Every structure is written in structure tokens, then in C-alpha cells.
Amino acid sequence: MLSTLLQRHQASFGPVLPVDLNGPAVTRLDFTANTPQVASADLRDTAAFDDLVNKMLAEKNASIGIGGYLENRVIYRRSAHFGPGAVEEPRSLHLGVDVWLPAGTPVLAPLPAVVHSLADNDNFGDYGPTVVLQHELEGTVFYSLYGHLSRQEWRALRVGQVLEKGEAFATVGPFPENGDWPAHLHFQLMADMQGRVGDFPGVARPSERETWAALCPNPNLVLRSRYI
């Protein structure tokens, strides 16, 4: 099982971002209906959404927000990309971890990798510029996804490109080019790409939680933040 493999190698992983995700500047952000200001906000206006994120951080005397794995969020109602819910169950279960921090922050390979695929998923509320890396540990191949990136560095990447552990290969993107979100990195692990290229569901239907959790283990096995 991928989770067990990752646990065995945790001590050898490098950071995904050049910041201390266990430091005093970090706080957990909750985007479920349990946070009143999120539940009542109109998040279709990205600038207003960005202001809300900054206010949530300021309330906790933090400059970096983190969290979201298997969180059943209300924020996806801002985009039809996740389903309107009228005919079928909308997607609202987050499969990655988000780190909310300034655009321009470098993104690093946490272990040796090959660029598996690239895509600019430019639907409103989607990933925007996206990188999928392929890794191998003990003969097991798995993948990591990085969403909401800047186009500038993303354009310089090539499929098959080899990355060393700790190598900066992208930066966190600003809105609207990042899929039109407040600046943050979506980081996700996948045991199997299921034939997908440059994209992978980052939000699932809550009724399918067990299936997707098995396919996408907790990214904090790599990030190792005490705030998750």
C-alpha cells in the first residue's frame, strides 16, 4: 500500500515549498460549512475570496494557511466545474492539501522525479497550469500533482524532464491564471494515474470517499505539517 511505503521513507523527503510548514506563521484553514464566513460568502468574485483568505489568516496571526485533505468543502459551489448538484451529487470532497501563501513562491520536488505530464486546465475554478511528477520507491511507481501554478515557469518544463530532489520547477501562480483562485498550491498524491495526462480529480463526491482515499493517500505523509 502506498501509504505504508511513504511512511517508511518519510525521513528522506525534502520540502515541497521553501517554508516551514510547522512554524508559528502557519495555521490550519477550514473551508467547510463549519466556518461561518466561508459558508455565507459569495466566492465567485476571486478578489473578494482572496480578501477572505487574508482575513482568515490575519485572525490567526498567520501568513500561511494549510489543510483540506478529505475536507468536505463548500467553496466549490463557486464553479459549475464541480457539478451543480441538481441532477447528481456535486463534487466537494478535497483529495489534496492546499497551502495558501503568496504567488511567486517556488515549488520544489520532494524526491527525485520525472515530469509525467503537463496541462493548463483553464476552466474557471480548475487547476490552471498543472504539473504531474512520477516517482519510484522500492520499485513502486506513484505520482504527485501540483496545481494552481504560474504559467511562466510551467512553460519551460518538458515531459520526461528529470528533476532532482529539492529542485525548484515551478512557482505558485496568481489569479486569474492559476484557475482563478486566491494564490495557493494544491498538492496531491496518486497511486495510479488511471490513464490521465496533465490532470487528475482533486475533488470527489463525498459518497465515494473510501475509493478516492485509497487512490490518493494523505499528502501530509510528504508535507509533514503538524497543522494537518
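The values are calculated or read from the model by the stated rules, or taken from the named source; none is laboratory data. Since the model is a prediction, treat every value here as computed from it, not as a measurement. For neighbour counting, all protein chains shown are included, and Cβ atoms are generated from backbone atoms with ideal geometry for every residue, glycine included. Only protein heavy atoms, including side chains, enter the accessible area calculation; ligands, DNA and RNA are left aside. Shrake-Rupley method; radii C 1.70, N 1.55, O 1.52, S 1.80 Å.
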Filtering the range 108-126 down to residues that are polar (S, T, N, Q) and touching a residue at least 60 places away in the same chain (Cβ under 8 Å), which residue is least open to solvent (accessible area, probe 1.4 Å)? Ser117
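Hey, among Pro129, Pro182, which residue is in contact (Cβ under 8 Å) with a residue 40 or more places away in the chain, in a strand (DSSP E or B) and open to solvent by less than 20 Å² (accessible area, probe 1.4 Å)? Steps first, answer last, please.
Details: Pro182 fails: in a strand (DSSP E or B).
Result: Pro129 is the single residue among Pro129, Pro182 that is in contact (Cβ under 8 Å) with a residue 40 or more places away in the chain, in a strand (DSSP E or B) and open to solvent by less than 20 Å² (accessible area, probe 1.4 Å).
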Test of understanding: among Ser144, Ser92, which residue is in contact (Cβ under 8 Å) with a residue 60 or more places away in the chain, farther than 25 Å from Asp20 by Cα and under 16 Å from the mean Cα position of the chain (by Cα)? Ser92
For Gly160: the one exception among (1) among the small types (Gly, Ala, Ser); (2) part of a loop (DSSP other than H, G, I, E, B); (3) under 30 Å from Glu210 (Cβ atoms); (4) open to solvent by 10 Å² or more (accessible area, probe 1.4 Å): (3)
Taking the options Gly14, Gly23, name whichever one is at pLDDT 95 or above and loosely packed, with under 14 Cβ neighbours inside 10 Å. Gly23
Subset of the range 39-73, residues touching a Ser or Thr at 6+ places or on another chain (Cβ under 6 Å), within 22 Å of Gly202 (Cβ to Cβ) and open to solvent by 60 Å² or more (accessible area, probe 1.4 Å), comes to Asn72
